[in-house]
Amino acid sequence: MNRSKCSRCGLVNSDSDKICRRCSATLSAEASVAEAPAVEKEQKRGLGQRLLWIVGTTLLLLFAWYLSMLLTSEELDLDRRQTVAHAIAILADKGFSKQAFLLNHLVKYRDTDNWWNRYVGHHDAYAATNFPFELVTLYPEFFDVAVDDTERAAILLHESYHLSGSGEAAALEGVWHNKQQLGWTAAKYGQTKVWSNTREQTVTLAPALFQCGADGHSDCLP
């Protein structure tokens, strides 16, 4: 709705008025004051405030979730932290600098499951990653079943894909593509439990990597 402002006394009259109600001066069309833009501006401000409230609430809930996972799990002791550091150093030395940086500086390592991991469960895992919170839980098998730090590096390389948001199939395929560069090869590790488990899962979730050779079922990335 438009209103007319009197040029003589400044009173704002209704649009239907032809003369000012206060001083009886003639109202001109040029003196109209548009109120709609002010209303539109107010509506935009209200929308922006609601969006800020939604974003703020979401961030607060995410932080509370993250904190709850930290409080319901235990951190690694010094010896285990050093073992992890050695495995990450191997990744860096083999050319996986991006993954090594992520694993070294942006991850919180845990020794026991948080409440969410306990709720969803896991099957014979060496590690578990909570994305996007960058939490990695390392299970006893990571330290006791893996035969050396290179094999542990392969496990951490797998988890680095999850830290970037990739699913299980992409993580398995990524490790299998890079196993030669890492030095985690069938010639040296083909008989280990970690190798056997990883190969079995990769065959299931990334079968295209095992359609080579005369039989059509051999590893395409020896």
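Worth a mention:
- Selection status of Ala154, out of contact with any Phe, Trp or Tyr (no Cβ under 7 Å at 6 or more places or on another chain), free of Cβ contacts under 8 Å to residues at least 60 places away in the same chain and among the small types (Gly, Ala, Ser): no
- For the residues Gly183, Gly190, Gly216, Gly121, the requirement of being outside the structural domain of Leu62 (by TED's automatic domain parsing), within 18 Å of Gln99 (Cα to Cα) and not basic (Lys, Arg) singles out Gly183.
- From Glu173, Glu168, Glu141, Glu74, residue being within 21 Å of Thr202 (Cα to Cα) and touching a Ser or Thr at 6+ places or on another chain (Cβ under 9 Å): Glu173
- Restricting region 161-187 to residues that are of a type in the set (S, T, N, Q) and at pLDDT 95 or above, the residue that is nearest to Phe131 (Cα to Cα) is Ser166.
- Residues of region 75-115 that are charged (D, E, K, R) and under 24 Å from the mean Cα position of the chain (by Cα): Glu75, Arg81, Lys98, Lys108, Arg110, Asp111, Asp113.
- Residue identified as out of contact with any His (no Cβ under 7 Å at 6 or more places or on another chain), modelled with pLDDT of 75 or more and hydroxyl-bearing (Ser, Thr, Tyr) among Ser73, Ser32, Ser28: Ser73
- Being touching a residue at least 60 places away in the same chain (Cβ under 8 Å) and either buried (at least 18 other Cβ atoms within 10 Å of the Cβ) or farther than 30 Å from Leu221 by Cβ (or both) is a condition met by at least one residue of region 165-183.
- Per the listing Ala146, Ala128, Ala87, the residue uniquely in contact with a His (Cβ under 7 Å, 6 or more places away or on another chain) and under 25 Å from Gln191 (Cα atoms) is Ala128.
- Of the residues making up region 135-158, those that are outside any helix (DSSP H, G or I) and surrounded by 21 or more Cβ atoms within 10 Å (Cβ to Cβ) are Leu135, Val136, Thr137, Leu138, Ala146.
- Restricting region 73-101 to residues that are in contact with an Asp or Glu (Cβ under 8 Å, 6 or more places away or on another chain) and of a type outside the set (Gly, Ala, Ser), the residue that is nearest to Gln180 (Cα to Cα) is Ile90.
- Region 153-206, residues that are of a type in the set (D, E, K, R) and within 17 Å of the chain's Cα centre (by Cα): Glu159, Glu168
- Residue-level check: of (1) under 18 Å from the mean Cα position of the chain (by Cα); (2) modelled with pLDDT of 95 or more, Trp65 misses just (2).
- Complete set of residues in region 135-151 that are free of Cβ contacts under 8 Å to residues at least 24 places away in the same chain, farther than 28 Å from Tyr66 by Cα and under 26 Å from the mean Cα position of the chain (by Cα): none
- Among the numbered conditions (1) in contact (Cβ under 8 Å) with a residue 40 or more places away in the chain; (2) surrounded by fewer than 19 Cβ atoms within 10 Å (Cβ to Cβ); (3) of a type outside the set (Lys, Arg); (4) within 16 Å of Ala87 (Cα to Cα), the only one that His105 does not meet is (1).
- Yes/no for Gln201 being assigned to a helix (DSSP H, G or I) and either farther than 19 Å from Lys94 by Cβ or touching a strand residue (DSSP E or B) at 6+ places or on another chain (Cβ under 6 Å) (or both): yes
The values are calculated or read from the model by the stated rules, or taken from the named source; none is laboratory data. In this text, all values refer to a predicted model and were calculated from it rather than measured experimentally. Cβ: placed from backbone, ideal geometry, glycine included. Neighbour counts: every protein chain shown.
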